[in-house]
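Following: one structure in structure tokens, then a few remarks.
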Amino acid sequence: MAALRSVLRLRGFRRLWLVLAAASFGDWIGILATALFASAQFENTAAQGAAFGGTIAVRLLPALVLGPIAGVLADRFDRRYTMVIVDLLRFLIYGSIPLAPVFGASPAQTVAWATIATLVGEAITLIWIPAKEAAVPNLIPKSQIEISNQLTLITTYGITPILAALMLSALTAGLQQSGVSLPSWAQPVQIALYINAFSRLATALVVFFGIKEIGGKSEERRRAAEQSMTRQFLDGWKYLGSTPLVRGLVLGIFGAFAAGGVVIGAARTFAYSLGAGEAAFSLLFGFIFMGLALGIGLGPMIVKELSRRRWFGMSIVLASGSVMFLGFAFHLSMALVGALMVGAGAGMAFLAGTTLLYGEIEDAVRGRVFAVVQIGVRTVLLLAITVAGVLVGLGSSRRVQFGPIGFDVSSTRILLLVAGAIGIWVGIGAFRQMDDKRGVPVLADLIGSLRGRPLSPPEEFVRSGMFIVFEGGEGAGKSTQVTRLADALKAEGRDVVVTREPGATDIGARIRGLVLDRDKTEAPSPRAEALLYAADRAHHVATVVRPALTRGAVVISDRYVDSSLAYQGAGRTLPVQEVSWLSAWATGGLKPDLVVLLDVDPGVGLTRVDSRGVGTDRLESESRAFHERVRYAFLDLAASDPKRYLVLDASRPVDEIADAVVQRISGLLSPAEASVS
Ligand code: TYD
């Protein structure tokens, strides 16, 4: 509750949520009313059915045509304007549907217009959705994304459709009872359509005047928009293909919707196979919806700190497993439990999926990713429902009797089993792609999380990137080599982060001043110096190195732990064991994959430093003996762990050294990891 209140305290989000609730209410009532409106134009039932089905199908079709470019538009243009313009258009288009008869259109013309208008309205909605979805995360701090999603999903799929259905039937029933006859342009269905239209106008106005934060463009988006639209389009696909998290998410979402579509398509015959007919059908759907609400509303409370990436895959497996369970259910009560679990799994997957999409995808490509998701979902759902409907219609069924228990083995049940199995397979696939706790046993992690104690992953599994450190004495030429390596790796299209110690962060820069400035009258004592370097390192690892490694980047750092061992340990003659322990504590044990040691004779190195002409810092001006100790400390460290070190003579030509480094590293980096760009 407190979390809910604090997310609603964000003004931008609060406004957006309110207007989206209104818009969603308008949409639902519009969907119901358009379908009714179209079928009401005809007397005979067959034509009615066709008209009803026709308008629904039309809502799904434009996705294929317009979807692919919608995402590019959302990433390219100002999202606020995109939303506002689309909503104004929708206001006009939806508003025109109920007015058609007033302008003397025949029933057939009216239906035709309703169809065209819906088609156009849906088409431009496809532009609106990615723009909205990409903009929302910018309004909310990352830690509050999940709760805000819970709120939005429950509003959109739980509260507003029910309110809309209630309101529509209340309108119709109320009018019939009161016997008042309204003019032809103000029948209940038409009123519903007006509500739909005006809810869009309201959204446009609120977004334009009230949520200015959505507007504007980040630096990255501005730069991306300088490319051609085709380029941006292709880049979107490349991002999708090369980012395991996104691949897993998209795969999982499609799989879940396919399984869901099969259940919808098969539901009617399945309900009859339980011998409970139409009532069972409604009950099953009711339970699925209840499950959805439970999954979305209570899911996070149940799984607590469980990794959301893992939760996503697990939820899909739960939903699909429950679909299989439905295939075996021989009694209505079993089927209801199955339906509830299908809903719960799907709801949790939906919540985890949207939270990950919102929280983990860069602003610059978010529109395109959401576009792919929305097109895919619509297509997959439509296909699955249709195919399931056809298959179920084809099959016949046989009744099997085990003593007192009898049930039908039908194509419906086989379909449910197959769909469930495929769903489980997809869920596991998604889990594997996205897993951020590799090496942690799944079941133990889940049980631990339910009890409030998720397992933490062993160190070596946390990161997927690569950590390379350059070490060496003064004037060894580290910075040149760091740049050379970074350029070489970037040219291969890798994600590279160049950093250094001390001083890579704001805090670090201030610490750097404390330890290295010479004009300070007071120099830190050796232990204080060691602690300051360790403090810089702790902050550096936590805020720069680890996040980059988790993302899969190659991190190249100019100096790391070994510098402390050499300078503070050997140089200042503090106990090396203690310095080592201090650094291990500061970094949480993070070790580089490779240390490149540029070995230089202090005599040569310090001359190089002097020739810079910028004066020496506090450590550079230490005695020659100090720097000798540092040099041999580095060499000792390298000798004690040759697999992790590459020692190169810093007096060799720059190109030679750079080549040697690249060669060593190409053996470490797998080509598969190289596809990130
Ligand atoms: P650096 O910025 O690499 O300077 P340079 O490019 O001149 O080598 O390092 C600054 C100084 O900090 C360097 O003299 C080594 C010292 N240092 C330590 O004494 N302990 C440490 O843990 C680190 C990271 C650096």
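Summary table below
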item	result
Count - residues of region 68-103 that are open to solvent by 60 Å² or more (accessible area, probe 1.4 Å) and either among the basic types (Lys, Arg) or outside any helix (DSSP H, G or I) (or both)	1
Test: residue in region 533-556 that is near the ligand (Cβ under 10 Å from one of its atoms), buried (at least 19 other Cβ atoms within 10 Å of the Cβ) and β-branched (Val, Ile, Thr)	no
Counted residues, region 626-646 - those being away from the ligand (no atom under 15 Å from the Cβ) and either surrounded by 18 or more Cβ atoms within 10 Å (Cβ to Cβ) or more than 46 Å from the chain's Cα centre (by Cα) (or both)	4
Those residues of region 585-619 which are in a helix (DSSP H, G or I), more than 13 Å from the ligand (Cβ to nearest atom) and touching a helix residue (DSSP H, G or I) at 6+ places or on another chain (Cβ under 8 Å), in sequence order	TRP585, GLY603
Residues (closer than 19 Å to ALA421 by Cα and open to solvent by 30 Å² or more (accessible area, probe 1.4 Å)) located in region 261-287	ILE264
Yes/no for ASP487 being surrounded by fewer than 19 Cβ atoms within 10 Å (Cβ to Cβ) and either of a type in the set (Asp, Glu) or near the ligand (Cβ under 9 Å from one of its atoms) (or both)	yes
Failed item in (1) farther than 30 Å from GLU305 by Cβ; (2) at pLDDT 90 or above; (3) open to solvent by less than 50 Å² (accessible area, probe 1.4 Å), with ALA164 passing the rest	(2)
Which numbered condition ARG559 fails, given (1) farther than 29 Å from GLY615 by Cα; (2) under 41 Å from the mean Cα position of the chain (by Cα); (3) of a type in the set (D, E, K, R)	(1)
Which numbered condition VAL180 fails, given (1) assigned to a loop (DSSP other than H, G, I, E, B); (2) touching a helix residue (DSSP H, G or I) at 6+ places or on another chain (Cβ under 6 Å)	(2)
For ALA430: the one exception among (1) farther than 24 Å from ALA542 by Cα; (2) at pLDDT 90 or above; (3) more than 22 Å from the chain's Cα centre (by Cα)	(3)
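For every residue, the table says whether it meets (1) closer than 26 Å to ALA638 by Cα; (2) of a type in the set (Ser, Thr, Tyr); (3) touching a helix residue (DSSP H, G or I) at 6+ places or on another chain (Cβ under 8 Å).
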site	(1), (2), (3)
PHE470	yes, no, yes
SER479	yes, yes, no
GLY493	no, no, yes
ALA509	no, no, no
GLY513	no, no, no
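The values are calculated or read from the model by the stated rules, or taken from the named source; none is laboratory data. Just so you know, these numbers come straight off a predicted model, no measurement behind them. So basically every Cβ, Gly included, is an ideal-geometry build from the backbone, and we count neighbours across all protein chains shown. Each accessible area value is taken on the protein alone, full model and side chains, heavy atoms only, with ligands, DNA and RNA left out. Shrake-Rupley method; radii C 1.70, N 1.55, O 1.52, S 1.80 Å.
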